[in-house]
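Inspection log for the structure reproduced underneath, given as structure tokens.
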Amino acid sequence: MLKNEFEIAVALAKKGAADAVEPLTTGMTYKGAVDYYGDLPASPTVGDLYLVRYQGSSGTAQLNARYVWGPVNGTNAWAYVAGGFYFDGDYIVF
């Protein structure tokens with residue numbers, strides 16, 4: 001049973017990774033979370049998967065989207081893997 005927000009985020013990231021648009025021959029590895037898209041690593045390895053917590057480049061508007069580094073139209077780039085979720089009181093909102 002999932003006990004906290006982090007465990008839920010990891011479980012959802014892993015589920016979203018299985019539904020990636022373009023397959024990766026190396027597989028995907030959940031590497032962690034960053035606050036903003038601009039905080040994603042500059043030199044990732046193909047298959048690196050990250051959770052981006054917030055929208056934009058500042059503030060606390062929830063995003064919680066997952067991105068993986070890999071082939072997008074023949075060039076490696078950050079690809080959106082799965083939608084976000086956030087907690088609203090006692091509920092998870094997708």
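Please go through the stretch 73-92 and give me each residue that is modelled with pLDDT under 85 and either more than 16 Å from the chain's Cα centre (by Cα) or in a loop (DSSP other than H, G, I, E, B) (or both), ordered by number.
Initially, the stretch 73-92 is screened for residues modelled with pLDDT under 85, giving 73-74, 81-92.
Correct list: Asn73, Gly74, Gly83, Gly84, Phe85, Phe87, Asp88, Gly89, Asp90, Tyr91, Ile92.
So, in the stretch 30-64, how many residues would count as being among the hydroxyl-bearing types (Ser, Thr, Tyr) and in a loop (DSSP other than H, G, I, E, B)?
The initial filter retains those residues of the stretch 30-64 that are among the hydroxyl-bearing types (Ser, Thr, Tyr), namely 30, 36-37, 43, 45, 50, 54, 57-58, 60.
Within this subset, residues satisfying the condition of being in a loop (DSSP other than H, G, I, E, B) are 36, 43, 45, 57-58, 60.
Counting residues in the stretch 30-64 that are among the hydroxyl-bearing types (Ser, Thr, Tyr) and in a loop (DSSP other than H, G, I, E, B) gives 6.
If the condition is being touching a residue at least 40 places away in the same chain (Cβ under 8 Å) and on the phi > 0 side of the Ramachandran plot, then the stretch 39-69 contributes only Asn64.
The values are calculated or read from the model by the stated rules, or taken from the named source; none is laboratory data. What you see is a predicted model, and the numbers here were worked out from it, not measured in a lab. Please note: Cβ atoms are built from the backbone with ideal geometry, for glycine as well, and neighbour counts cover all protein chains shown.
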